[in-house]
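In what follows, a structure is listed as structure tokens, so that the remarks can point back to it.
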Amino acid sequence: MQNKGKYYITTAIAYTSGKPHIGNNYEIVLADSIARYKRKDGYNVFFQTGTDEHGQKIELKAAEAGVTPKEFVDNVAKIIKGLCDLLNISYDKFIRTTDKEHEKQVQKIFKRLYDQGDIYKSDYQGLYCTPCESFWTESQLKDGKCPDCGREVKPAKEEAYFFKMSKYANRLIDHINKHPEFIQPVSRKNEMMNNFLIPGLQDLCVSRTSFQWGIPVDFDNRHVVYVWLDALTNYITGIGYDADGNSTDQYKALWPADLHLIGKDIIRFHTIYWPIFLMALGEELPHQIFGHPWLLQNNDKMSKSKGNIMYADDLVTVFGVDAVRYFVLHEMPFENDGSITWDLMVERLNSDLANTLGNLVNRTLSMSNKYFGGIVENRGKVEAVDEELKAIAIGTYDRVEMKMQDLRVADALTEIFNLFKRCNKYIDETEPWILAKDEAKKDRLATVLYNLAESIMIGASVLEPFMPETAAKIAAQFNTTLRDFEATKVFGGYVSGTKVTDTPEILFARLDPKEVDSKVVELVQKQKDQETTDASTDQTAENNPQTEEINIEPKEEITYEEFAKMQFQVGEILSCEAVPKSKKLLCSQVKIGSQVKQIVSGIKAFYTPEEMVGKKVMVLVNLKPAKLAGVLSEGMLLCAEDADGKLALVTPEKPMPAGAEIC
RNA sequence: GGCGAAGUAGCUCAGUUGGCUAGAGCAUACGGUUCAUACCCGUAGUGUCGAGGGUUCAAAUCCCCCCUUCGCUACCA
């Protein structure tokens, strides 16, 4: 086989805060299919995946579980690796960010970037989301909560190191413009350019002092390296990068990566920060970053709180590994999110795997056994009808290759199944059971069955990267081996006279949706049981707001004069309506003494305009008017905010007239 | 609010530079067949191609405006 050169492919590394669900595992199945495909296509493939194991969230989870962070991540990493193996993932390297070599290199990289002036020390102020390890500005919050995970944020300020992003921005813009294939799909490229690069990049915070579970900055021990500089660099440290210039031969051979496969949620980090880190290190940029869509359940993101999580191991238990691989690959379009439910799986598997493929293999084998004692022989009795089948068979690889060049894996699978469908049609056209009744047509019958066996083996050989186990099973039943891609472009590779198995195995049994449903009920129950045991340690703070205290960051002390500048009065809401074209704003007419002020507030999520009317509320009256969403606001309604970002208006404890001063 | 994408058969979507009766898969109905996992093959559909204008001999396809949904982003006193 011709060697087409190296191909270095990576997935994002999985965060070890808990067991990943099928939506997370999707990516690695996709990557595995591409890796296996390229390998089979003659590339020298290196496929790296792994786990991202640092951060405050893990530190907290470990503390809750009463174990050390290392013990905690060891456990989760083992689960994740186990799922990879279960899904038949052919990774060449499974990197962990707690690997000594990785940690050492991250420290060196940090030091080097600091020494060359790309990293500098400053202060970080903002609202911090612990689980996401992200600072947010007030304006980035959604309903007062973390825009990523929807959980509470806390004010925080810390000394931190920053990376000078702006220094490299123009080079990156230039690179992106010159390499249209760099960010895929292209719609993502526009988002990055329009929202970040063109308006101007902000410097990125690259260290933390608020927790210890991270790689220490070796020249400033209070700091640990923040997630992105730690996690992203796995792509180079995993193959032997050395910041002092002593990188391994493997690194020199593999870098730059050919494909970083990631979820669409982390495109920004991979297409902006990561390339800039690499520029700063003087390394080449990866060829391509593909931000794949998500696999959703009923168009809903999977999450524990929604109770709709589907785990890969449960799916494999019910359907088998290749069925799961087939489903996630097939159901995931290129650009839009895919959808998975138990019912959809049953439908897809019955139709494509059991009916089209499994049944095809089964009927072909059983006819060979019935009519020729299992011997498949090409007796050369060709008819015109054979030509179309042959043309489709030997053209399958080329069509698949065209799709794979654009990473359209779902479409590639469809091409392969078109061949299997054509085989079924061919059986109908040639009617072997009728040929069998006429002794004079035995040679034709043998040829028909040979053509089928050959076409199936071509299909199975192209299918191998996507469904390795199934392809191998088919080959075994036809008593042959899978062939390389080049050999699928010629019709006739199957050795004439081969004896196929006389005990055909059902490749995919048809599934009864009802039986699957009852299995699912069992699995969900098991999940729930597990969660209740987890929950005893896990959910103390989040679920008991009434007993919770809230501490906010103390503000600077002010003088009485400063306080006295603020004018608070009781206001009565005369009328209230939603601000058109805004998601969160209500516009109220507020009576304060004899005047009426218009005040806009971000409380639509908690109050309807109707229930606002008539309320007596606390108003900051002398705030400089401002326009919100194009509507003038002449003050501020005061609210209390709980840890979840829920708001409650502050009202006088006894009846008070509109305009009464609050002092 | 800014930028972008999308609204086509019950569902998921194709429809290249405007051109013949608008397509595929799944689901549905009917017919055929029996080698096979009640499977496979064939046939049939239904669609004001989001609404309304315009350009053209001709528009799902180009232009204008509007509505809806989604993504990123900003604002949310």
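The values are calculated or read from the model by the stated rules, or taken from the named source; none is laboratory data. Here the structure is a predicted model, which means the values were calculated and not measured. Every residue, glycine as well, gets a Cβ built from its backbone with ideal geometry; the counts of neighbours run over all protein chains shown. Each accessible area value is taken on the protein alone, full model and side chains, heavy atoms only, with ligands, DNA and RNA left out. Shrake-Rupley method; radii C 1.70, N 1.55, O 1.52, S 1.80 Å.
When the gyration tensor of region A:369-459 is built from Cα positions, what are the square roots of 5 times its three eigenvalues, in whole Å, from largest to smallest? Present the calculation step by step, with values, prior to reporting the outcome.
On the way: eigenvalues 176, 25, 22 Å².
For region A:369-459, the ellipsoid semi-axes come out as 30, 11, 11 Å.
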Please work out the average accessible area per residue across chain A, using the 1.4 Å probe convention, and give it in Å². 46
Given 10 Å bins starting at zero, what is the percent of C-alpha pairs of region A:1-87 in each, up to the one with the largest pair distance? 17, 39, 26, 13, 5, 0
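Using 0.36 nm times the number of residues separating A:ASP265 and A:THR503, minus their current alpha carbon distance, what extension gain do you get?
Net length gain for the segment: 80.8 nm.
Given the Cα atoms of region A:411-496, and with Rh set as the inverse mean 1/r over their pairs in the Kirkwood sense, what is Rg to Rh to two decimals?
Numbers: Rg = 13.8 Å, Rh = 13.7 Å.
That ratio is 1.01, to two decimals.
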Can you tell me the orientation of helix A:384-405 relative to chain A, as the angle in degrees between its alpha-carbon axis and the longest Cα principal axis, to the nearest 10? 30
Gain in span if fully extended, A:LYS178 to A:ALA436, counting 0.36 nm per residue against the direct Cα distance: 86.6 nm
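Report the relative contact order of region A:216-365, percent, no decimals, based on alpha-carbon pairs under 8 angstrom and at least 6 residues apart. Walk me through the numbers before you get to the answer.
Values: 131 pairs, mean separation 24.9, N = 150.
Relative contact order, region A:216-365: 17 percent.
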Within region A:407-421, name every residue whose backbone N is under 15 Å away from a label modeled 7 Å from Cα of A:GLU388 along the Cβ vector. A:418-421
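What share of the DSSP beta bridges in chain A is antiparallel, in percent to the nearest 5? Let's see the in-between values first.
On the way: 50 of 72 bridges.
Here the antiparallel bridges make up roughly 70 percent for chain A.
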In nm, spacing of pseudo-spin labels at A:ASP115 and A:ASN336 (7 Å Cα→C-beta vector): 5.3
Part-to-part distance (alpha-carbon centres) for region A:207-260 and region A:17-69, which is given in Å: 17
By what distance, in whole Å, do the Cα atoms of chain A stretch along each of the three principal axes, largest value first? 110, 61, 49
HN-Hα J couplings of region A:160-174 from phi, Karplus 6.51/-1.76/1.60, θ = phi - 60°, integer Hz, Gly and Pro as x? 7, 8, 10, 9, 6, 5, 4, 4, 9, 4, 5, 4, 5, 4, 4
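Please sort A:251-258, A:288-295 by packing, taking for each peptide the average over its residues of neighbouring beta carbons within 10 angstrom, highest first. Spell out each step's value before the answer.
Working: A:251-258: 18.0, A:288-295: 22.0.
Ranking the peptides A:251-258, A:288-295 by packing returns A:288-295, A:251-258.
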A:LYS591: which lysines have alpha carbons under 29 Å from its alpha carbon, excluding same-chain residues fewer than 8 sequence positions away? A:LYS565, A:LYS581, A:LYS583, A:LYS604, A:LYS615, A:LYS616, A:LYS624, A:LYS627, A:LYS646, A:LYS654
Let me test this: with uniform point scatterers at the alpha carbons of region A:188-264, what is the Debye-based log₁₀ I(q)/I(0) at q = 0.24, 0.27 1/Å? -1.07, -1.12
So for the pair A:LYS70, A:ASN44, with labels modelled 7 Å out along Cα→Cβ, what separation do we get in nm? 3.6
